[in-house]
Amino acid sequence: MMRNLHPLHAVAAGLVILFLTLPLVIILGAAVSDTTYLTFPPQGLSLRWFELALQKQNFVRSFFTSLQVSFAATLLALLIGIPTAYALVRWRGALPAWMKSFFFLPVLVPEIVLGFAMLKTVVVDMSIPVMPALIIGHLVIILPYAVRVVGASLEGFDFSIEDAAVTLGASRLKVVLTVILPNIAPGILAAFTLGFITSINDVSVSLFLTGPGISTLPIELFTYVEQHFDPSVAAVSVMMMALTMAVMVLLERSLGLSKAMG
């Protein structure tokens, strides 16, 4: 039988929900305001700022740049993260203990420090162009999530199935394609979703790696608010939140979040 929720627990949960949702409500209210400046509560209702945001070429261009960088970085993270997670789980006893921690170092380092280090190494020392540098930077920050989420899926995988398939004559490649990957597909999809959302909303690392003519949408918004104070920024933020929620809903409807993360 489920125990009754303690009143203090209910109050704490309500405060947490309020803390998480209130900024979203404020941004939504500012985006539909009929004023020419950011304000809350909204004074009048209008969708013209959404239309104006979609007409701004710098927003549209930077949005597609963000999509390209996020997709490329996330796919690369999975290409590296899946075999890495497999090795860390499959041969955990044979590999040194520090190796697992090594792949989580980018999470421990503050992103602004990581961004400066990427600028010094990738852009200045290696002279890599802006677009590849952005992809490399985003790859570094989302690789730990790919390794962790895929590794969590592999924790529940019975490796004796793999051994049985090899014993019955299946090649290693066929075992990977028909046995391992289908069994951890929810984890791979969850890792892709988490990596994509993290990448497309990144500011700290992208701030150091963008260059003339190439900018991600969060950086474009950051630059825009330095000179403008109209609600179009809030409108773009609402659309980005809607995109993030759509991705999460798609994951939930297709596999279920609990299944994907497990």
* Asked: Around Ala85, what is the net charge, scoring Lys/Arg as +1 and Asp/Glu as -1 over all other residues with Cβ under 14 Å from its Cβ?
  -> +3
* To do: Note the full-extension length gain between Leu67 and Ser46 as 0.36 nm times their separation in residues minus their Cα-Cα distance, in nm to one decimal.
  => 4.8 nm
* Exposed-loop-free span, longest in the chain, where chymotrypsin sites (Phe, Trp or Tyr not before Pro) count as exposed if DSSP calls them loop and at most 11 other C-beta atoms lie within 10 Å -> 92-262
* Asked: Counting pairs of alpha carbon atoms under 8 Å apart in space and at least six apart in sequence, what relative contact order in percent does the range 56-259 give?
  -> 34
* Among Thr84, Thr193, Thr121, which one moves the most in a GNM of the chain with springs linking Cα atoms closer than 10 Å? -> Thr121
* Compute, for Thr167, the solvent-accessible surface of its heavy atoms (probe 1.4 Å) with the complete set of protein chains present, and express it in square angstrom to the nearest 10. => 120
* Structure fact -> In the chain the accessible area split gives carbon plus sulfur, as whole percent at 1.4 Å, a share of 72
* Rounded tilt (10° steps) of 7-31 against the dominant C-alpha axis of the chain -> 60
* Asked: Rounded to the nearest whole Å², what accessible area per residue is found for the chain with the 1.4 Å probe?
  -> 58
* **Exposure of Val89 as accessible area (Å², to 10), given a probe of 1.4 Å and all protein chains** => 10
* Asked: From the backbone phi of the range 156-168, what are the Karplus-calculated ³J(HN,Hα) couplings (6.51 cos²θ - 1.76 cosθ + 1.60, θ = phi - 60°) in whole Hz, Gly and Pro given as x?
  -> x, 8, 8, 6, 5, 5, 4, 4, 5, 5, 5, 4, 7
* Short version: ³J(HN,Hα) in whole Hz for each residue of the range 220-232, in order, from phi by Karplus 6.51 cos²θ - 1.76 cosθ + 1.60 (θ = phi - 60°), x for Gly and Pro, what are they? -> 5, 5, 4, 6, 5, 6, 5, 10, 10, 9, 8, x, 5
* **Accessible heavy-atom area order of Arg253, Arg148, highest first, probe of 1.4 Å** => Arg253, Arg148
* **Gaussian network model of the chain, Cα within-10 Å springs - most flexible of Arg90, Arg61, Arg172** => Arg172
* Structure fact -> At R0 = 51 Å the Cβ-Cβ FRET efficiency linking Asp125 and Gln227, nearest 0.05, sits at 0.95
* Relative contact order (percent, whole number), the range 169-262, Cα cutoff 8 Å, 6+ residue spacing -> 46
* **Cβ-Cβ FRET estimate between Leu173 and Phe104, R0 fixed at 25 Å, reported to 0.05** => 0.30
* Asked: How much of His228 can a 1.4 Å solvent probe reach, expressed as accessible area in Å² and rounded to 10?
  -> 80
* Name the most mobile residue of Gln43, Gln227, Gln57, meaning the one with the largest mean-square fluctuation, in a Gaussian network model of the chain with Cα contacts below 10 Å. => Gln227
* Which sequence of Val175, Val247 reflects their accessible areas, 1.4 Å probe, from the largest down? -> Val247, Val175
* **Residue-wise HN-Hα coupling along the range 140-149, computed from phi with Karplus coefficients 6.51, -1.76, 1.60 (Hz; x: Gly, Pro)** => 5, 7, 9, 4, x, 5, 5, 5, 5, 6
* Could you tell me which label, among (1) 13.2; (2) 19.9; (3) 12.4, carries the value of mean projected area of the Cα convex hull in nm² calculated for this structure? => (2)
* Structure fact -> Per the helix-only model, the chain has a calculated mean residue ellipticity at 222 nm (DSSP H runs of ≥4, -39500 (n - 2.57) each, divided over all residues, rounded to the nearest 500) of -22000 deg cm²/dmol
* Asked: Can you give me the relative contact order of the range 1-45 as a percent, contacts being Cα pairs under 8 Å and 6 or more apart?
  -> 22
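The values are calculated or read from the model by the stated rules, or taken from the named source; none is laboratory data. Everything quoted here is computed from the prediction, not taken from an experiment. Glycine gets a Cβ as well: all are built from the backbone with ideal geometry, and neighbour counts include every protein chain shown. Just so you know, the surface numbers come from the protein's heavy atoms only, side chains and all, with ligands and any DNA or RNA stripped out. Shrake-Rupley method; radii C 1.70, N 1.55, O 1.52, S 1.80 Å.
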